Amino acid sequence: MTASASSPCITGWHHSQFGKLDGIDPEVLIGQVAKAAIEHAGLQPVDIDSIHVGTFNAGFLYQDFPSSLVMNALPQLRFKPATRLENACATGSAAIHSGLQSIKAGESKHVLVIGFEKMTELATPQVGEVLLKACYAKEEAGIPGGFAGVFGKIAQSYFDRFGDQSDALAMIAAKNHKNGLSNPYAHMRKDFGFDFCRTVSEKNPFVAGPLKRTDCSLISDGAAALVISAADVAKSMPRAVQFRAAVHVNDYLPLSRRDPTRFEAAELAWKNALGQARLSLNDLSLVETHDCFTVAELLEYEAMGLAPHGQGARVIAEGITAKDGKLPVNPSGGLKSKGHPVGATGVSMHVMAAMQAAHDAGDMQIANARYAGVFNMGGAAVANYVSILERVN
């Protein structure tokens, strides 16, 4: 999609609390965020032309086939086309792209995009087993530590090549937890500080390879929803945040076929997105990036072009990505603080970025924000999505 006055716009959104949401049925959660997002856009359910639902599931819940669950809460959506999308941890962005494509094809004027996941019904070891389904099972399913084990191997490979990066990872964790204090939706609103994140302790043990507990995102429940509208109708709506770019790049699934220290498909996604948006990285006001593990954010600094390969540590050390830095990264607290309910994450990131572009982010707000970038990935940089958002109304 090329940036133009005809690009689709986010016109409404809603975000649930993320965390361990005991006692709430997933379909109730879906209904709540959908209803609120439609109302935020100033629309009625009847105005929605199609529904795009992102959830990974893969065993988190017995109930599958979730595309029509929202109709139980909003019966006015009955008979609307509804589709479930899945692309590992980038499932939410896959649902967004499905909605964008429906608008670009002229089939929809207004689409409803929902991302959700209920992960805490299972014990932690079972959660790890479910998440490992998003790796290349023939080679990687036996890695100890679940998906943390996959990123532990990535971190160890990076350390072996470029030296111990434990200080940088602790700085990233501390930054994101501090930022999360300002996010009312975050799963964990606690400033741990650098020393706690850097030090191995009973409360912060090693989990996989050089990764400690503070290097790993949280097992969370949650949902988020967006209304995306065609540009011609968005002009007359209360708010419109335009997709200046929306790019999707996939890579090989097996880590053995790639350089584990480099997110090459993410580099390409960023290059293509900035080209579509006709912007440089220096033009961006902030980025919400996929810090499922702190080492992922480190490699993403390099992928987006903040530092050459192997030098990502200096980005965090120099304060470039701090909330008051040259390019704030994860002012929401990221997955590290906000939580990572897999199917909700991509939608959540776009909600956070849209709030920033609309100057509606409360205590998270970056002053004078104009262009907001989003990077959401599935697996270890296998499915890579970059969006660049700008308020136009």
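The values are calculated or read from the model by the stated rules, or taken from the named source; none is laboratory data. Everything quoted here is computed from the prediction, not taken from an experiment. All Cβ positions, glycine included, derive from the backbone under ideal geometry; neighbour counts span all protein chains shown. Remember, those area values only see protein heavy atoms, side chains included, never the ligands or the DNA or RNA. Shrake-Rupley method; radii C 1.70, N 1.55, O 1.52, S 1.80 Å.
Below, the figures for the structure above:
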{"read-out": "Yes/no for Gly128 being at pLDDT below 95, on the phi < 0 side of the Ramachandran plot and small (Gly, Ala, Ser)", "value": "yes"}
{"read-out": "Per-region count, region 242-269, residues in contact with a Ser or Thr (Cβ under 7 Å, 6 or more places away or on another chain) and closer than 30 Å to Arg370 by Cβ", "value": "5"}
{"read-out": "Criterion: part of a strand (DSSP E or B) and either on the phi > 0 side of the Ramachandran plot or open to solvent by 50 Å² or more (accessible area, probe 1.4 Å) (or both) - qualifying residue of His52, His14", "value": "His14"}
{"read-out": "Filtered residues of region 64-118 (kept if within 11 Å of Ile51 (Cα to Cα) and among the hydroxyl-bearing types (Ser, Thr, Tyr))", "value": "Ser67, Ser68, Thr83, Ser98, Ser102, Ser108"}
{"read-out": "Condition met for Ala141 (out of contact with any helix residue (DSSP H, G or I) (no Cβ under 9 Å at 6 or more places or on another chain), free of Cβ contacts under 8 Å to residues at least 12 places away in the same chain, among the hydrophobic types (A, V, I, L, M, F, W, C) and on the phi < 0 side of the Ramachandran plot)", "value": "no"}
{"read-out": "Among (1) in contact with a Leu (Cβ under 7 Å, 6 or more places away or on another chain); (2) in a loop (DSSP other than H, G, I, E, B) - the single one Ala372 does not satisfy", "value": "(2)"}
{"read-out": "Sole residue being part of a helix (DSSP H, G or I), under 24 Å from Glu117 (Cα atoms) and either open to solvent by less than 10 Å² (accessible area, probe 1.4 Å) or touching a helix residue (DSSP H, G or I) at 6+ places or on another chain (Cβ under 7 Å) (or both), chosen from Leu274, Leu335, Leu299", "value": "Leu335"}
{"read-out": "Residue match in region 342-356 (condition: assigned to a loop (DSSP other than H, G, I, E, B) and either open to solvent by less than 10 Å² (accessible area, probe 1.4 Å) or out of contact with any Cys (no Cβ under 8 Å at 6 or more places or on another chain) (or both))", "value": "no"}
{"read-out": "Sole exception among (1) more than 20 Å from the chain's Cα centre (by Cα); (2) crowded, with 18+ Cβ neighbours inside 10 Å for Asp195, by number", "value": "(2)"}
{"read-out": "Scope region 59-113; condition exposed (fewer than 15 other Cβ atoms within 10 Å of the Cβ) and among the acidic types (Asp, Glu); matching residues", "value": "Asp64, Glu107"}
{"read-out": "Odd one out for Lys190 among (1) in contact with a Lys or Arg (Cβ under 6 Å, 6 or more places away or on another chain); (2) open to solvent by 10 Å² or more (accessible area, probe 1.4 Å)", "value": "(1)"}
{"read-out": "Hits in region 361-385 (condition: free of Cβ contacts under 8 Å to residues at least 40 places away in the same chain, open to solvent by 10 Å² or more (accessible area, probe 1.4 Å) and under 17 Å from Trp13 (Cβ atoms))", "value": "Gln365"}
